[in-house]
Amino acid sequence: MSKSTKTPRKMPPPMPEENLMTPTGLPENAFRELGKDEEYKPVLHPVRDQKEVTPYSVGMGLLMAIVFSAAAAYLGLKVGQVFEAAIPISIIAVGLSGALKKDGALGQNVIIQSIGACSGVIVAGAIFTLPALYILQAKYPDITVNFLQIFLSSLLGGILGILFFIPFRKYFVKDMHGKYPFPEATATTQVLISASGSKGAGGQAKTLVIASLIGGLYDYIVATFGLWAESITTTAYTWGQTVAEKTKLVFSCNTGAAVLGLGYIVGLKYAFVIFAGSIFVWWIVVPLMGTYGTEAIASLPPDMIYKDYARMIGIGGIAMAGVIGIIKSWGIIKAAVGLAGRELKGKSATEKPVRWQQDISMKHIVFFIAIACVAVLLFFWFGVISTLWQALVAWVVVLIIAFLFTTVAANAIAIVGSNPVSGMTLMTLIIASAIFVGIGLSGTSGIVASMVIGGVVCTALSMAGGFVTDLKIGYWLGSTPRKQESWKFLGTLVSAATVGGVIMVLNQVYGFQGENALVAPQANAMAAVIDPLMMGGDTPWILYMVGAIFALILNWLGVPTLAFCLGMFIPLQLNAPMLVGGAISWFVSHSSKDKATCDARQDRGTLISSGLIAGGALFGVFAALTAFFSDPTATTGFAGFLNSCHPESFLAGSGVDAGMFKQIAGLVMYALLIAYLYNDSKKAKLRK
């Protein structure tokens, strides 16, 4: 390749691709701010056409979207956290392209990841809201839920999220280069670039497979056989029950592999903030309410005080955190709107952008937004609300909130890698419900309208936040944004259909309320908010206001407000393992005096954690299918075998308490899982 190749004016001079590579696989200035006259040159040549969209890349991307949509839906409904599938999908893509010796693998793998990653963002939008309809259906039987409502809510929300974010792409991925850390995009990009040097890819794929099997089998055994406790808790012991009764103090921790992996990836800082929010509610607010509250509150167990009262403070805090985010992002919103307006008037640069910076035409974006808006209005009118003017009001609310919160979602992903859609959707529900009641839309029809509309907003924001990761990956590697943007719509369609089916199956198998139900914390929070607003009950406005004021104080003090408030309404047993995983991440990253060694170990730990998450979620779906075909009364056959494996069965008549056995076994197995994650992370080898 000659270095004298001519390029258009203002375009980076072509260089041999091997000269662009550093030991990390990316240019030296990939993660830092650029100098005044400095340009970033991606790995793939920015001018030449690249092999990106092929039958292989599109087909594999759609397959990944289906598989990981099912897996992420199960995990999200179980623990309230949706893992982003980008890393495991990228590992699979890299491994397959290496095994098949694909030509032009890097560009194709970006498309596979981009299409497949629709799974996580669509799942987040759907499961945080729509299961609330099933939760309230148990209380109000005339509420009806059908597949078409779930599917169209997810599909239309995802399309709006894509279209609303594209005008902001240049700002987030190009103009702010080096100013945002993009934690998930960084990890995914480094996985994808490993395809350029095939040595690392094979080892990474093997590590991921082993971790996935360990995490999957671990969580499958717990969910199917219950050989050890899924959550260890102080109330399992006599002394713990006494403390809970007298002081309302409890502690519990989920022992699952997937949640531990989530904590590792989130890291100690934000895991600690989330845990601090949980401790504030469980160890301060709940005991205070249980001690100095009314007799009716004081007589309740700690978990009921939390569910019915204390958690509402967190809901108010999340809503205010969303408002704070919009205010901080107002300058970005105005800049993006101004850019779009200039391009529509033909005042943008007349020079055609280089392939690496080509978006879908702004005129086409505006046209597609118009079509999407009409489709949303028709869906609201004919599928949710029968009155046209009420459907129009709902339509206006959705479009305004979805657009304004787009930058908040993208900003959160760019900084900490987690999307605060649940909090922003809660605020949407409160605002929308108050408006609907004012225009006469209340009762069970108002509940259905609010939740389906909330699903559209939640999915739109989730997609906007997730899409910034895909486009940043493409920016670092040199993909064509227009191709990523175009094929994202197909991934959204497939993911929305998969999620709709999975939610309906999981509702039949587990349900979302009761002792053995999927916890679905965000959906339960949505249901708790919408019920009194629409059915004329006592809405806890004072608790919401306390949470909102508390969020303002946290913001003033410089505390990550959204993370803290999320911890306040997600159950303690799901926040505690996040802290454990974050602590392991910290110890791994400080396990050597050599920074390069620590970085390599940290990266390996991230890979192992991704495997624990993916394996735990995938095998969780298998556990759901096993439960679907099981019969708790059977004594013979496969169902009888499953029943005989439960500690309650094989310990019967032995004098050993099955509950205590599972608690002790849970402690032992969780310790072994922690040891595996820590020790195996330290086996990382430095790249040469």
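For the pair Lys682 and Lys363, the difference between a 0.36 nm per residue extended length and the Cα-Cα distance amounts to 109.7 nm.
Dividing the Cα radius of gyration of the stretch 221-319 by its Kirkwood radius returns 1.02 for Rg/Rh. FRET efficiency for the pair Ala298 and Thr144, taken as 1/(1 + (r/R0)^6) with r the Cβ-Cβ distance and R0 = 35 Å, rounds to 0.35. The calculated Kirkwood hydrodynamic radius for the stretch 445-494 is 12.5 Å, given to one decimal from all distinct C-alpha pairs.
Sequence-ordered 3J(HN,Hα) estimates for the stretch 167-175 from the Karplus curve with 6.51, -1.76 and 1.60 and θ = phi - 60° stand at x, 9, 4, 4, 5, 6, 9, 10, 5 Hz, glycine and proline given as x.
Across the cross-link table entries Lys174/Lys483; Lys41/Lys179; Lys363/Lys483; Lys41/Lys101; Lys102/Lys483, which are compared at the Cα atoms, the separations over 24 Å belong to Lys41/Lys101. In vacuum, with every alpha carbon of the stretch 557-602 counted as one equal point scatterer, what does the Debye formula give for log10 I(q)/I(0) at q = 0.31 Å⁻¹? Two decimals, please. Each listed q maps to, in turn, -1.00.
A convex hull fitted to the Cα coordinates of the stretch 436-578 yields 198 cubic angstrom per residue. Extension gain, Leu552-Ile664: 0.36 nm per intervening residue step, less the Cα-Cα distance, totals 36.1 nm. Here Glu295, Glu184 are placed in order of increasing Cβ neighbour count within 10 Å, fewest first, which gives Glu295, Glu184.
First measure r as the distance between the Cβ atoms of Ile371 and Trp330, then evaluate 1/(1 + (r/R0)^6) with R0 = 30 Å and state the FRET efficiency to the nearest 0.05. With R0 = 30 Å, the Cβ-Cβ based efficiency is 0.60. Neighbour counts of C-beta atoms inside 10 Å place Thr539, Thr469 in the sequence Thr539, Thr469, starting with the fewest. Under 19 Å from a point placed 7 Å out from the Cα of Thr291 along the Cα-to-Cβ direction: which residues of the stretch 257-279 have their backbone N that close? It comes to 278-279, nothing else. Given in Å, the Rg to one decimal and the Dmax to the nearest whole number for the Cα atoms of the stretch 33-74 are 17.4, 48. Each residue in Ser114, Ser589 was given a count of other beta-carbon atoms within 10 angstrom of its own, and listing them fewest first yields Ser589, Ser114.
Readers should treat all values here as calculations from the given coordinates under stated rules, not as data from a laboratory. Bear in mind that the values here come from a model prediction, so they are computed numbers and not experimental data. Because the Cβ atoms are built from the backbone with ideal geometry, glycine has one as well, and the counts that use them run over all protein chains shown.
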